[in-house]
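Visitor: Structure incoming, see below.
The values are calculated or read from the model by the stated rules, or taken from the named source; none is laboratory data. Since the model is a prediction, treat every value here as computed from it, not as a measurement. Don't worry about glycine lacking a Cβ; one is built from the backbone with ideal geometry, like all the others, and counts go over all protein chains shown. Just the protein is used for accessible areas: all its heavy atoms, side chains included, with ligands, DNA and RNA removed. Shrake-Rupley method; radii C 1.70, N 1.55, O 1.52, S 1.80 Å.
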Amino acid sequence: MSKVIHIKGRAVPVVGDDIDTDRIIPARYLKEITFSKMGNYPFYDERFNADGSKKDHPFNRPEYQGASILLGNVNFGCGSSREHAPQSLVRWGIRAIVAESFAEIFAGNCVMLGTPALVASKEDVAKLQKLAKDEPQTEFNVDLESMSVQAGSLVVPVKLPESRRKALVEGTWDSTALLLANADKVKATAQKLGYL
Amino acid sequence: MAKNTLYNKVWDAHNVATLPTGQTQLFIGLHLVHEVTSPQAFDMLRERGLKVAYPNRTFATMDHIVPTKSQIRPFADVEAEQMMQAIEVNTKEFGVNFFDFASGRQGVVHIIGPELGLTQPGQTIACGDSHTSTHGAFGTLAFGIGTSQVRDVLATQCLAMDPMKVRRIEINGKLKSGVTPKDVALYIINRLGVKGGLGYAYEYAGDVFDSMTMEGRMTVCNMSIEGGARAGYVNPDETTFAYLKGREYSPKGADWDAAVARWKKLASEKNAEYDDVVRYNAADIEPMVTWGVTPGQSVGVRQTLPDPATIADSGERQSVELAYKHMKLKPGQKTSDIAINVAFVGSCTNGRIEDLRAAAAVAKGRKVAQGVEAFVVPGSMKVREQAMQEGLDKIFTEAGFEWRLAGCSMCLAMNPDQLKGDQISASSSNRNFIGRQGSPTGRTLLMSPAMVAAAAIAGHVVDVRELSV
Ligand code: SF4
């Protein structure tokens, strides 16, 4: 599994608190039994009118096509546990998300896809969003070793629980193999529970 | 770090090992599976040549996509039919227990776990669904997971987890008449905010929860996630044990006695330490209604809608402004000024028998207002059967409500039950997010099942206490 240490690319600001997973991906797209087409749907109802014509949304603007870092605000990804939400962002091209805070299940789902969900202060997020808005061509550098984001003349610290940082940096973010390795201990734990 | 709480005991008992990343490998005692978040996980097992590690601890059903008017196969919706076939094939191939229509046990996953006695105190429970927090009502540690984690649980019966903090929410005193567990849940979220619970498990305690029924406790625990808390629980007590006694999967005979003895040791100790404690007075809680686009944007039914200008935090103010725009409502409006088009009683929050009884008590002998589309969706086939034995279906249909088959229905509208255009619904479900009920411009008002029934009859939001039951 690949190590996730440095992520470079342009950033797309998606401004607003409590952006929930129903907004990131409307439930009707959850009817597909594979994730393969999810990249077509992020923020669908905010990007397209009923007749398919485009609305003004950062994910539609030409300057943010090909962006790989999403800049969000408070409680990003709240709501349902649907992995379809991070899947849709990742398959659209997002490889790191920086926000003021994340819903817990969403942040966990991101790590499972090798995508860091990084927390920065309100002020720093505002600065990053402003830069991405004013100068969308700016290259952002996410660094999980120094735990910072550098863009233009800005360098801001970011946070990620150490266990998740380790999993990404060491390339063990796909946890199945780690969990399988302890099969004997799993059996021992199960035997002690008294309810199996 | 919390100490000596139920959370600590359950976590420690299921702690398999510390992973190289520093995370805990947590054993999952019960894995619930539904059709929407599992097909990709089963595919991942196939790709990697893995089996389901504990098929006897894995139980599947279908709820999200099933139509509630007719469940005759094949479903009219081709994608829904494909999804049904996928769960049928997957559960068969991997040897997983499956509650389909023919079993008579199908229903919303969080309703059937408890009603079958699968959910038991002291378990860890995971499901690819955020409202897994519901099961915490039994003194379990239960939380929602994403599809890659579903894969992990299927393959290993374990999850890689970081510990949670524990906040005790204590509500003492007596609830006013007409105030239900749903109102308690909405009140807590209103006070602590939709992100107040990030990183926490909530322990609900105090007089209000001590005297609450199991179904009420499930309603409150269900909504933990709407307050940002991935899990919420109530310490198990005699009410818990009485609910479980005699259920299909509950222990029997000597096993029952041993189980109860074990369950009695689970509650948080008197000397437990919490990361945070908040206290509220039961008497301050009114029947609640959401007016916005997050479950925290709510008011007591007799209050007027809030003024965004009074909100100091810019992010929150923007959220509220967005909510007003979407909802086409105005600050200062009375809740009773909000006319509704649709009334929905159902979901894993409020689709259990007590919820249906509460709604029926309001509907009895009354008529749904003209122009309102009202329907009742039992949370499971068993709830439906019980309701029909009690004659609730007749009360509803005589009042003008449609009586449907079990499923998630308009809680998330992945099935034919959807709002159209900017219709506004009174809904006993749990989320009022933009687009949640199937129409990008649709609008949702969350409230208790009794309040939904009252709104259906009045044609607008109304304090249920004004319609004397
Ligand atoms: S009833 Fe609603 S919240 Fe509950 S599982 Fe179904 S869709 Fe999810």
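Visitor: Loop only per DSSP, at most 13 neighbouring Cβ atoms within 10 Å: give me the GluC sites (Glu not before Pro) in the stretch A:106-171, ordered by residue number. Provide the component values of the computation, followed by the final result.
Guide: On the way: sites: A:Glu123, A:Glu139, A:Glu145, A:Glu162, A:Glu170; in loops: A:Glu139, A:Glu145, A:Glu170.
Qualifying residues, ordered by number: A:Glu139, A:Glu145.
Visitor: Return the inverse of the average 1/r over all pairs of distinct C-alpha atoms in the protein assembly as shown, which is the Kirkwood hydrodynamic radius, in Å to one decimal.
Guide: Numbers: mean 1/r = 0.0402 Å⁻¹.
Radius from the Kirkwood sum: 24.9 Å.
Visitor: Here's something else I'd like to know. Ignoring ligands, DNA and RNA, what percent of the 1.4 Å accessible area of the stretch B:235-301 is carbon and sulfur?
Guide: On the way: 1550 of 3190 Å².
Here it works out to 49 percent.
Visitor: Just list whichever of A:Lys37/A:Lys159; A:Lys185/B:Lys252; A:Lys3/A:Lys37; A:Lys55/A:Lys159; B:Lys51/B:Lys92 have alpha carbons separated by over 22 Å in the model shown.
Guide: Working: A:Lys37/A:Lys159 31 Å; A:Lys185/B:Lys252 29 Å; A:Lys3/A:Lys37 25 Å; A:Lys55/A:Lys159 33 Å; B:Lys51/B:Lys92 12 Å.
Over 22 Å apart, Cα to Cα: A:Lys37/A:Lys159; A:Lys185/B:Lys252; A:Lys3/A:Lys37; A:Lys55/A:Lys159.
Visitor: Over the Cα atoms of the stretch A:6-170, what Rg and Dmax result, in angstrom?
Guide: Calculated on Cα positions, Rg and Dmax stand at 14.9, 46 Å.
Visitor: Something else now. Please list, by residue number, every one of the GluC sites (Glu not before Pro) in the stretch B:261-369 that is coil in DSSP and has at most 15 other beta-carbon atoms within 10 Å.
Guide: Values: sites: B:Glu269, B:Glu273, B:Glu316, B:Glu321, B:Glu354; in loops: B:Glu269.
Qualifying residues, ordered by number: B:Glu269.
Visitor: Continuing with this model, one more query. Please state the relative contact order of the stretch B:288-466 as a whole percent: Cα pairs under 8 Å, 6+ residues apart? Can you show the working numbers first?
Guide: Working: 416 pairs, mean separation 50.9, N = 179.
For the stretch B:288-466, the relative contact order is 28 percent.
Visitor: May I ask you to give the percent of accessible area on the stretch B:377-418 that is carbon plus sulfur, with a probe radius of 1.4 Å?
Guide: Details: 750 of 1530 Å².
The computed percentage sits at 49.
Visitor: Top to bottom by accessible area (1.4 Å), largest first, where do A:His6, B:His110 land? Could the numbers behind the result be given before it?
Guide: Working: A:His6 115, B:His110 0 Å².
Result, largest first: A:His6, B:His110.
Visitor: May I ask you to derive the FRET efficiency for A:Asp134 and A:Lys54 from their Cβ-Cβ distance with R0 = 35 Å, giving the value to the nearest 0.05?
Guide: Given R0 = 35 Å and the Cβ-Cβ separation, E is 0.95.
Visitor: Which value, in Å² rounded to 10, gives the accessible area of A:Lys187 with a 1.4 Å probe and all protein chains present?
Guide: Solvent-accessible area, nearest 10 Å²: 120 Å².
Visitor: Sticking with this structure for a sec: What's the lysine pair count for the stretch B:288-466 at a Cα cut-off below 25 Å, pairs eight or more apart or interchain?
Guide: Lysine pairs meeting the criterion: 11.
Visitor: Each label point is 7 Å from the Cα along the Cα-to-Cβ direction; what then is the distance between the points at B:Arg262 and B:Lys420, in nm?
Guide: Result for the modelled spin labels: 5.3 nm.
Visitor: List the residues, sorted by chain then number, that are 5 or more residues from B:Ala17 or on another chain and whose placed amide H is less than 5 Å from its amide H.
Guide: For B:Ala17, the qualifying residues are B:Gln25.
Visitor: Output the antiparallel fraction of DSSP beta bridges having both residues in the protein assembly as shown, as a percent to the nearest 5.
Guide: Values: 28 of 82 bridges.
Of all bridge pairs located within the protein assembly as shown, approximately 35 percent are antiparallel.
Visitor: Moving to a separate point now. If you restrict to DSSP beta bridges whose two residues both lie in chain B, what percentage is antiparallel, to the nearest 5? Spell out each step's value before the answer.
Guide: On the way: 14 of 57 bridges.
Here the share of antiparallel DSSP bridges comes out near 25 percent.
Visitor: Enumerate the aspartates and glutamates that B:Lys245 could reach by cross-link, defined here as Cα to Cα under 13 Å, with residues fewer than 8 away along the same chain left out.
Guide: By straight Cα distance, B:Lys245 reaches B:Glu115, B:Asp237, B:Asp255, B:Asp257.
Visitor: Take every Cα pair under 8 Å in chain A that's 6+ residues apart, average their separations, divide by the length, and report that relative contact order as a whole percent.
Guide: Result for chain A is 26 percent.
Visitor: Working out 0.36 nm times the residue gap between B:Ala242 and B:Asp307, then minus their Cα-Cα distance, what length gain in nm do you get to one decimal?
Guide: On the way: separation 65, 0.36 × 65 = 23.40 nm, distance 4.61 nm.
In short, 18.8 nm is gained.
Visitor: Accessible area per residue of chain A at 1.4 Å probe, in Å²?
Guide: Details: 7640 Å² over 196 residues.
Per-residue accessible area for chain A comes out at 39 Å².
Visitor: Can you report the principal axis dimensions of chain B using only the alpha carbons, biggest first, rounded to whole angstrom?
Guide: Cα extents, longest axis first: 56, 55, 46 Å.
Visitor: Turning to a different aspect of this structure: To the nearest 100 Å², how much accessible surface do chains A and B cover up together, summed over both, with a 1.4 Å probe? Write out the running numbers ahead of the final one.
Guide: Values: alone 10240 and 18090 Å², together 23280 Å².
Adding both sides of the contact gives about 5100 Å².
Visitor: Moving on. Cα to Cα, under 19 Å, and not fewer than 8 places away if on the same chain: which lysines meet these conditions relative to B:Lys174?
Guide: Partners within reach: B:Lys182.
Visitor: Could you compute the FRET efficiency for A:Glu170 and B:Ala283, with r as their C-beta to C-beta distance and R0 at 60 Å, rounded to 0.05? Each step should come with its number before you reach the end.
Guide: On the way: r = 54 Å, r/R0 = 0.89.
Here the calculated transfer efficiency is 0.65.
Visitor: Further question: Determine the sum of side-chain charges near B:Gln318: Lys and Arg each +1, Asp and Glu each -1, restricted to other residues whose C-beta is under 11 angstrom from that of B:Gln318.
Guide: Numbers: positive: B:Arg317, B:Lys325; negative: A:Asp17, A:Asp18, B:Asp313, B:Glu316, B:Glu321.
Neighbourhood net charge equals -3.
Visitor: Using a Förster distance of 25 Å, how high is the FRET efficiency between B:Glu390 and B:Asp12, based on the Cβ-Cβ distance and rounded to 0.05? Don't skip to the answer; put the middle values down first.
Guide: Values: r = 43 Å, r/R0 = 1.71.
Here the calculated transfer efficiency is 0.05.
Visitor: Suppose a student asked you for the relative contact order of the stretch B:369-455, using Cα pairs under 8 Å spaced at least 6 residues apart; what percent would you report?
Guide: Working: 130 pairs, mean separation 19.3, N = 87.
Normalised by residue count, the contact order of the stretch B:369-455 is 22 percent.
Visitor: So what is the accessible area of the stretch B:95-145 per residue, in Å², with the probe set to 1.4 Å?
Guide: Working: 600 Å² over 51 residues.
Per residue, the stretch B:95-145 has an accessible area of 12 Å².
Visitor: Below 16 Å, Cα to Cα, which lysines can B:Lys165 reach? Residues fewer than 8 away in the same chain don't count.
Guide: B:Lys3, B:Lys9, B:Lys195
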